[in-house]
Amino acid sequence: MRHPAIIQLRGFDDKLSLALKIVERNCDEFEIEMAKNGVDIYISDVNRARNVISKLKRAFNFETKFSTKYAGLRKGRVRVLFVFSLRLSKV
């Protein structure tokens, strides 16, 4: 599996460029895809994704939701895709 983690940024309209700079600085392999209500960032390592989220948490005030999706089988083991949804708080 190429991307076992997705970080969904929602409500980061005017602060999106700063958030993407933080992701760029702290992550080696990632892809950015525009979604209709924000940005999806595909990251190759789950632990790296958690590290990026902790760095973003220092800069922004947002709510975090976590979920998993079934991503198929590999060598008889179930693979999951970790999805972190970050929604900027309206303060």
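Each reported figure results from applying straightforward, stated rules to the coordinates on display, with no laboratory input. Predicted, not measured: the structure shown is a model, and the values here were computed from it. When we count neighbours, we look across all protein chains shown, and the Cβ atoms used for this are built from the backbone with ideal geometry, even at glycine.
When you check Tyr42 against the structure, is it out of contact with any Lys or Arg (no Cβ under 7 Å at 6 or more places or on another chain) and surrounded by fewer than 16 Cβ atoms within 10 Å (Cβ to Cβ), yes or no? Please lay out each step first, then the result.
Values: out of contact with any Lys or Arg (no Cβ under 7 Å at 6 or more places or on another chain): yes; surrounded by fewer than 16 Cβ atoms within 10 Å (Cβ to Cβ): no.
Judged against the criteria, Tyr42 is not a match.
Residues that are of a type in the set (A, V, I, L, M, F, W, C), surrounded by 10 or more Cβ atoms within 10 Å (Cβ to Cβ), in contact (Cβ under 8 Å) with a residue 24 or more places away in the chain and not in a strand (DSSP E or B): does region 75-88 have at least one? Outline the logic, then answer.
Within region 75-88, the first condition is being of a type in the set (A, V, I, L, M, F, W, C), and the residues that meet it are 78, 80-84, 86, 88.
Now restrict to residues that are surrounded by 10 or more Cβ atoms within 10 Å (Cβ to Cβ): 80-84, 86, 88.
So of that shortlist, the ones also in contact (Cβ under 8 Å) with a residue 24 or more places away in the chain come out as 80-84, 86, 88.
Filter once more, so that each one left must be not in a strand (DSSP E or B): none.
Looking for residues that are of a type in the set (A, V, I, L, M, F, W, C), surrounded by 10 or more Cβ atoms within 10 Å (Cβ to Cβ), in contact (Cβ under 8 Å) with a residue 24 or more places away in the chain and not in a strand (DSSP E or B), one finds none in region 75-88, hence no.
In region 39-52, which residues are touching a strand residue (DSSP E or B) at 6+ places or on another chain (Cβ under 6 Å), of a type in the set (Val, Ile, Thr) and assigned to a helix (DSSP H, G or I)?
Step one: list which residues in region 39-52 are touching a strand residue (DSSP E or B) at 6+ places or on another chain (Cβ under 6 Å), which gives 39-43, 46, 49.
Applying the additional criterion that residues be of a type in the set (Val, Ile, Thr) yields 39, 41, 43, 46.
Of everything in region 39-52, just one residue is touching a strand residue (DSSP E or B) at 6+ places or on another chain (Cβ under 6 Å), of a type in the set (Val, Ile, Thr) and assigned to a helix (DSSP H, G or I), namely Val46.
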